[in-house]
Amino acid sequence: QGTIIVQVRVAPIGDEYILLLADDRTEITRTEAMRTDFVANVSHELKTPVGALSLLAEAIEEAADDEVAVRRFAKRMEKESKRLSALVQDIIELSRLQSADVVQSGEAVDLNAVVAEAVDRNRLPAESKDIKIVVGGKVDNEVYGDADLLMTALRNLIDNAIRYAPEGSTVGVGMRTRDGLATVSVTDQGPGISQDEQDRIFERFYRIDAARSRQTGGTGLGLSIVKHVISQHGGEISVWSQPGQGSTFTVRLPEMEQSDSEDEAGVEPA
Ligand code: ADP
């Protein structure tokens, strides 16, 4: 990019080139601004639990003789440490994503198996809220990509559904193939999301209700990680929701063509 700038300055060729250069610069400035924003947001988000931990440690020291108070502060310390650890984990995941090259390092992935495992890994939190996860359908073909990243994305969606849904409700996970796309939907009976918020929830650190998100162990990064992973796989994510009527998040990924060898294997010898 630096080279282009020097070339155009030395020998401007025409309006078109000058315009192109202006565009490039805007893009660079935008990326830099986004990076600076992200660092500022991360610092802010990290400060909250770190500050709380330090205050709680002081409180414990002062309340040394009051066993009940010490226990209460210790419990809160545990919660803040978990929050800090979830945040650090999500930040690492995001930076790992930035350097991941799915096109280079991908392979054929059985999405049915990935979904089954993502559901399995959410069984415990679901049970603790008496939530039933109902899984149905299947996709026809493999998708190309990184199974670990896809697992992270689907786990995040199911994790959100469980966290925002009321106790005793049902979370649905549906799979199917439609128009050559592997489609996975996660439906919950939670509070729903208004039209205005639907456009924003995929932004980093955006939360409709920060207190609620924090209380349920959220970091505000989950959906931005999901969106990143899915777009790296050439797919799309969308949300259908109405306040009071739950939400459905749908992921669509291009399926791989069925290979010839598989076709042949499927034909029974006469
Ligand atoms: P968080 O860690 O706060 O859940 P996410 O990036 O996963 O962060 O989600 C962003 C926000 O979108 C959440 O804070 C929440 O307000 C909203 N949200 C996400 N999933 C759901 C859902 N299934 N039902 C209702 N609101 C949701």
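Okay, here's what the table says:
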quantity	calculated
Long-range neighbours under 9 Å by Cβ, at least six apart or interchain, first residue over 15 Å from His44 (Cα atoms) and open to solvent by 40 Å² or more (accessible area, probe 1.4 Å) within the stretch 206-221, second more than 6 Å from the ligand (Cβ to nearest atom) and in a loop (DSSP other than H, G, I, E, B)	Ile208/Ser194; Ile208/Arg200
Failed criterion for Ile201 (all others in (1) at pLDDT 90 or above; (2) surrounded by fewer than 16 Cβ atoms within 10 Å (Cβ to Cβ); (3) within 11 Å of the ligand (Cβ to nearest atom) hold)	(2)
Selection status of Leu124, free of Cβ contacts under 8 Å to residues at least 40 places away in the same chain and farther than 30 Å from Val39 by Cβ	yes
Residues located in the stretch 66-117, provided they are farther than 17 Å from Gly222 by Cβ, of a type in the set (D, E, K, R) and at pLDDT below 90	Asp101
Candidate set: the stretch 157-184, residues that are among the polar types (S, T, N, Q) and either free of Cβ contacts under 8 Å to residues at least 24 places away in the same chain or open to solvent by less than 30 Å² (accessible area, probe 1.4 Å) (or both); chosen: the one nearest to the ligand (Cβ to nearest atom)	Asn160
Residue selected from the stretch 208-259 under the condition more than 30 Å from Met77 (Cβ to Cβ) and of a type in the set (Lys, Arg), by the criterion nearest to the ligand (Cβ to nearest atom)	Lys227
Matching option when the condition is crowded, with 16+ Cβ neighbours inside 10 Å and either on the phi > 0 side of the Ramachandran plot or in a loop (DSSP other than H, G, I, E, B) (or both), among Gly244, Gly192	Gly192
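The values are calculated or read from the model by the stated rules, or taken from the named source; none is laboratory data. Please read all numbers here as calculations on a predicted model, not as lab measurements. Neighbour counts run over all protein chains shown; Cβ positions are idealised from the backbone, glycine included. All accessible areas refer to the heavy atoms of the entire protein, side chains included, with ligands and DNA or RNA removed. Shrake-Rupley method; radii C 1.70, N 1.55, O 1.52, S 1.80 Å.
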